[in-house]
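All of the numbers you see were taken from the coordinates with simple rules; none came from a lab. Since the structure is predicted, the reported quantities are computational estimates derived from the model, not experimental observations. A quick note on method: Cβ atoms are made from the backbone with ideal geometry, for glycine too, and the neighbour counts reach across all protein chains shown.
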Amino acid sequence: MRKRRIIVAVTGASGAIYAQRVVSLLAEADCEVHLVVSKLGRRLLHDELGHDGLDLEALTDGRPEAVQVHSDGDVGAAPGSGSFVHEGMVIVPCSANTLGRIAGGMTENLVQRAASCTLKERRRLVICHRETPLSLIDIENMATVTRAGGIIAPMNPGFYLNPESIGDLVDYMAARVLDVLGVGHELDVHWDEHLGRS
Ligand SMILES: Cc1cc2nc3c(=O)[nH]c(=O)nc-3n(C[C@H](O)[C@H](O)[C@H](O)COP(=O)(O)O)c2cc1C
């Protein structure tokens, strides 16, 4: 039996820290992570996390062997084929640009091609959009992708668990992403786990 295989795409929207936490949680859950980072995604990893190039050690919290990296320029890489069987793809964070291109059926890079294949194969595609406010174009693109089977999961943390740090907010979002992907985790972020606490 192979491990659970998840494609993680990072695009040029703010919120690189979410990508880092999602990748490290997937690695911790013993998933086989296939990582694709757009050109602007690499810039955000540098600007927001201080990474010099793709720092797999930092992205996986010390489990770099869990990750296989694919070049975003190589649409012929494995995640760009519908025959590459996987359990889900998440784009975290997802720019309005990448959302729009997926909604328009364009596949100019591996992130877009892998997303397109995920939709056509009726596999799970989770789009962690990060932009505010939204134009009607963004909203219509979200509706189009939703009709095609994708799941729009905006980076929009809740505050009802009384977060005390940025890490708490990031954990809340990353845990929700894993929930939507159907991957287990041990983060204490569910409302039912807090019911009855004072
Ligand atoms: C510092 C910085 C922050 C950005 N933040 C966002 C963002 O939060 N959301 C967004 O949709 N685009 C954002 N952009 C714009 C995208 O990076 C730009 O549209 C780019 O073409 C996206 O390319 P990609 O989708 O291939 O990664 C940002 C750009 C920069 C340089």
With r as the distance between the Cβ atoms of ASP179 and VAL69 and R0 = 30 Å, compute the FRET efficiency 1/(1 + (r/R0)^6) and round to 0.05.
0.75
Selected from PRO163, ALA174, ALA78, residue furthest toward positive end of dipole (the chain; charges at beta carbon)
ALA78
Can you give the calculated 222 nm mean residue ellipticity of the chain, where each DSSP H run of n ≥ 4 adds -39,500 (n - 2.57) and the sum is split over every residue, rounded to the nearest 500 deg cm²/dmol?
-11500 deg cm²/dmol
For the chain, the dipole about the Cα centre with charges only on Cβ (Lys and Arg +1, Asp and Glu -1), to the nearest 20 debye, works out at 880
Around VAL10, what is the net charge, scoring Lys/Arg as +1 and Asp/Glu as -1 over all other residues with Cβ under 13 Å from its Cβ?
+1
Can you give the local net charge around THR107? Use residues other than it whose beta-carbon is closer than 11 angstrom to its beta-carbon, Lys and Arg +1, Asp and Glu -1.
+2
Putting +1 on Lys and Arg Cβ atoms and -1 on Asp and Glu Cβ atoms, find which of ILE137, TYR18, ALA153 reaches farthest to the positive end of the dipole of the stretch 5-194.
ILE137
Cβ-defined net charge surrounding VAL145, 13 Å radius [Lys, Arg +1; Asp, Glu -1]:
+2
Cα convex hull of the stretch 5-194: how many Å³ per residue?
115
Inter-probe distance in nm under a simple model that places probes 7 Å from Cα toward Cβ, at SER83 and ASP168:
5.0
